[in-house]
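Worksheet: the structure to be examined is printed underneath.
Values in this text are rule-based calculations from the coordinates and carry no lab data. Please read these numbers as outputs of a predicted model, since none were measured by experiment. Using ideal geometry, Cβ is built from the backbone for each residue, glycine included, and neighbour counts are taken over all protein chains shown.
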Amino acid sequence: MRSAKFITLEGIDGAGKSTHINFIKQYLTQNKIDFVVTREPGGTELGEKLRELLLHDPMHAGTETLLMFAARFEHLQNIIMPSLNEGITVLCDRFSDATLAYQSAGKGVSEEFIKMLQKYTHASVNPDLTFLFDLPTEVSLERLKKTRVLDKFEKEAQQFHDNVRQSYLTLAKLEPSRFHVIDSTQSIDTIQSILKNVLDKTIK
């Protein structure tokens, strides 16, 4: 019997996570794998309310970090852990890696502080597989301008996005068995072929 997996998607804004999460959903459906799709911040009624505050309201970076983890704790207790315990795979758009990338590398919050919150919030629950969609920041910012109204993170200066990207790549080097870094400048077909190959090895 296949065990449930906790799969996360990470990357700077504009790297194509939304497109590729749909492909992964199709893959799981075709392979008759029970799954839930969720996102951070968000995922629960409270989490979605906090998401609106986090994406649009100005606040201290420390406050932002605490609210991220408040939403995450609610998410874990109500969606992620119950699903995994029932044998249901969880597909999540962002998780704690994003907080290290955006709030620590991007905004200067202590990495030790974030890791302390990680330990308290989800010491026993971490992703089994993380797809990191990587893209040069100038390309991502150009994509964003063409596709949507920007939130407060997307409006940050390029140096912020450069720092976030480098943090993600550093995290991937620290955990090569969990992370799969994908060059998002490749064609959608190429990327989806890579996703399928990794999922075949991880899920089946």
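Tabulated results
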{"item": "At least 18 Å along the helix axis (C-alpha) and Kyte average at least -0.5, DSSP helices within the chain", "result": "61-75, 188-202"}
{"item": "Alpha-carbon Rg with Dmax, taken over region 1-142, Å", "result": "15.2, 47"}
{"item": "Label-reachable residues, region 15-55, where backbone N falls under 18 Å from a point 7 Å from R143's Cα toward its Cβ", "result": "15-25, 40"}
{"item": "Separation between Cα centres of region 84-99 and region 105-173, rounded to whole Å", "result": "16 Å"}
{"item": "Surface/4 of the Cα convex hull for region 72-117, nm²", "result": "3.5 nm²"}
{"item": "Ascending count of other beta-carbon atoms within 10 Å, so fewest first, for I182, I79", "result": "I79, I182"}
{"item": "Translational diffusion of region 97-204, µm² s⁻¹ [Kirkwood Rh, Cα pairs; Stokes-Einstein; 25 °C; 0.890 mPa s]", "result": "158 µm²/s"}
{"item": "Nearby aspartates and glutamates by direct alpha-carbon distance to K32 (threshold 15 angstrom, same-chain neighbours under 8 apart not counted)", "result": "D200"}
